[in-house]
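Everything on this sheet refers to the single structure shown next.
FYI, it's all coordinate maths here, none of it is from the lab. Predicted model only: the values in this text are computed from it and were never measured. Cβ placement follows ideal geometry from the backbone for every residue including glycine, while neighbour counts extend to all protein chains displayed.
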Amino acid sequence: MPTQTEVRSQAANGQETITVRNVKKYFGPTRALDGVNFSARGGEIHAIVGGNGCGKSTMAKVVSGILPIDSGSVSILGETPSTPAESKALGISTVYQEVLVADESTVADNIFMGADALFSKSLSQDRKIRRAAELMYELAGEPVDPHAIVGTLPLGLKQWITIARALVSEPKILILDESSAALDFDSTERLFAKMRSMRDAGTTILIVTHRIAELIRISDRATVLRDGRDVGVLEKGEITEKNLLALMTGDENAGHSQGHKAPQPADGRIAMSGEKVSVWPGAEPFDFELRRGEIIGIAGLDGQGQDAFVRAIAGVEPVLSGIVRVADRHGEFHVIRTLSDAVKNRISYVSGDRKREGIFASLSIFENMMMPLYREKKRGGVLGLIDWGTLGSVFKRESENLLIKFGMREDLITSLSGGNQQKVLIGRGFAMRPDIIVLNDPARGIDVGAKSELYKHLRNFAEEGKCVVYMSSELEEFIGFATRVIVFRDGKPFDAFDGPTLDPKKVLEAMFGQTDRSGLHSSFGLRPSPTGVPAASIVAGKLNHEAQGDLTPAASEPEMPVRPVRERAAIATPRAVRLPTPAKPIRIVEFESAGGEGREIGQGGNGR
């Protein structure tokens, strides 16, 4: 078996460490890999690129030994591993698309999970704890308590734990399958720095990603897959968006889409408002107003309150204090306290964390998209029959709009690629025919072509006089798309930018607290709360304080009571990661939308 010294020698000579020849892999009638050829060298970062369902993740699992091949050959460092154990013994570590952690275990136990056979004789428990703390500090950029229970941590830290687990064995080959999907910009930069350091030490790094801008910056070579086949290899100087899209789509004229002017508000009507709202323990309250016809981008470093904000306005989690109201089609306002309130008032929520907050693994593709409509689409009243014909038409429309690739609609949703599963959830959000759609990093894991279709879908939605709230960890998503972008910091709006003149550099500076907040002050205004504490107002256009009275419901409506601050995560970190744990499993969110009050959904989606 090659030693680390031999691997570094291979890197210095540019020798191949991975060789894949004419590999085929089938899942029933589906050809996931159809005669793929691929090679990677020591000491390089090699990207595997392609659209949803093209075979990228299947390729990563074949190389890592998770999936056996049906024909062809795979050579890793001169060996032919056929099981995950053999691949691991060769020095292959993989970080998968899903954030795979044991929520009930500690940070240290999660990092060393599966490594005992390698380290039990050389590392004591105390040394494991110290090593876990050192590795997490290097990756996360802040101290993390190795004794902390993982279930109390935010998604970004959970992602770092899975990466630390792969690195603790000092791999010779590292495979990253969409591993930056749960990371913000700052975290992604730290990951890139670590990848470059490992590459320079001779490690082969394979990355699977949909983030075109990221792979252009980090990759030394890129292999493009389309429909299960390799269609081209690009060297460093050839890796451009135009070349990648041309190979991914088969269209030589592919490249930057024609610039779209960010939509402007269709009218001045308020779609949603909030008064003295707090979504983060200890943060200042703020007021906000969202208008019909707008696409509001929500940005911020990981764990700065933006996730809590979008969940609160969608009714997934109640606000800590204050009140959120939504206007119906007649201009009357209704208080949003629960998910049921949100659904009744035509607010739809789409999460990017499909495994934890979206899919029902034991249900079909059709059921996953259409279940929230079962109660609505009935003939003959409450006890009538479900109108399957209408549901079928809705499913067909959304599937075509979002370019979802599937065999039969009755297939389990787990038969789809991760990106196509995410598209099903997005289709579910649109199928509910909302007036306001709230999207929480929805494009995580979907390819550039699908993103383009999603943006077009959302533009059309806004042009109908409806409202879009779109949170993303990718700044590029907002360019030419958002009406305005709100940057959250320390649990509240920190600055704001107009979409048509959006400067990503300025947005990034705001995320780090380095702007003068002039966008928030001039475009969105500040108005003091009754307690004298200024509350940031997110308002489209200039505020006319005197004119706001007629937009406020009767004073008899009670304000949401201030709830006790929930226990924070046991981590020695700044406020950026001190978010409260969700009050209940989000797996029941869409089930409640379908009328399943009082019941819960387990891991497989079965009532219990």
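For the reader, a short list of remarks on this structure follows.
- Cβ-to-Cβ counts within 10 Å put LYS492, LYS506, LYS423 in ascending order as LYS506, LYS492, LYS423, the fewest first.
- A simple spin-label model places pseudo-atoms 7 Å from Cα toward Cβ; at LYS24 and ASP498 they are separated by 5.9 nm.
- Under 5 Å from the amide H of MET272 lie the amide H atoms of LEU290, ALA327, each residue being 5 or more positions distant or on a separate chain, with H modelled from the backbone and absent for Pro and chain starts.
- Enclosing the Cα atoms of segment 69-110 in their convex hull gives a volume equal to 114 cubic angstrom per residue.
- Candidate aspartates and glutamates for bridging to LYS466, where Cα separation is under 20 Å - those fewer than 8 sequence places away on the same chain excluded: ASP267, GLU289, GLU294, ASP328, GLU332, ASP341, GLU398, ASP435, ASP441, GLU453, GLU477, ASP498
- Fully extended contour minus Cα-Cα distance, from THR83 to ALA102, at 0.36 nm per residue: 4.5 nm
- Cα gyration tensor shape of segment 123-176, rounded if a/c is under 1.5, else prolate or oblate by comparing a/b with b/c: oblate
- Long-range HN-HN contacts of ILE149 with modeled amide H, under 5 Å: ALA570
- With Rh defined as the Kirkwood radius, the inverse of the mean 1/r over Cα pairs, the Rg/Rh of segment 49-175 is 1.01.
- Prolate/oblate/rounded label for segment 308-381 (Cα gyration tensor, a/c 1.5): oblate
- Of LYS172/LYS423; LYS236/LYS505; LYS423/LYS492, those spanning more than 32 Å from alpha-carbon to alpha-carbon: LYS172/LYS423
- Taking 0.36 nm per residue of separation and subtracting the current Cα-Cα distance, fully stretching the chain between ASP227 and LEU385 would add 52.9 nm.
- Sequence ranges 183-193, 153-163, ranked by mean other-Cβ count within 10 angstrom, highest first: 153-163, 183-193
- The separation of segment 30-107 from segment 383-450, counted between C-alpha centres, amounts to 28 Å.
- Inter-centroid distance (Cα atoms) of segment 136-184 relative to segment 225-254, Å: 31 Å
- Rounded FRET efficiency, nearest 0.05, which uses the C-beta distance separating THR414 from ALA201 and R0 of 41 Å: 0.65
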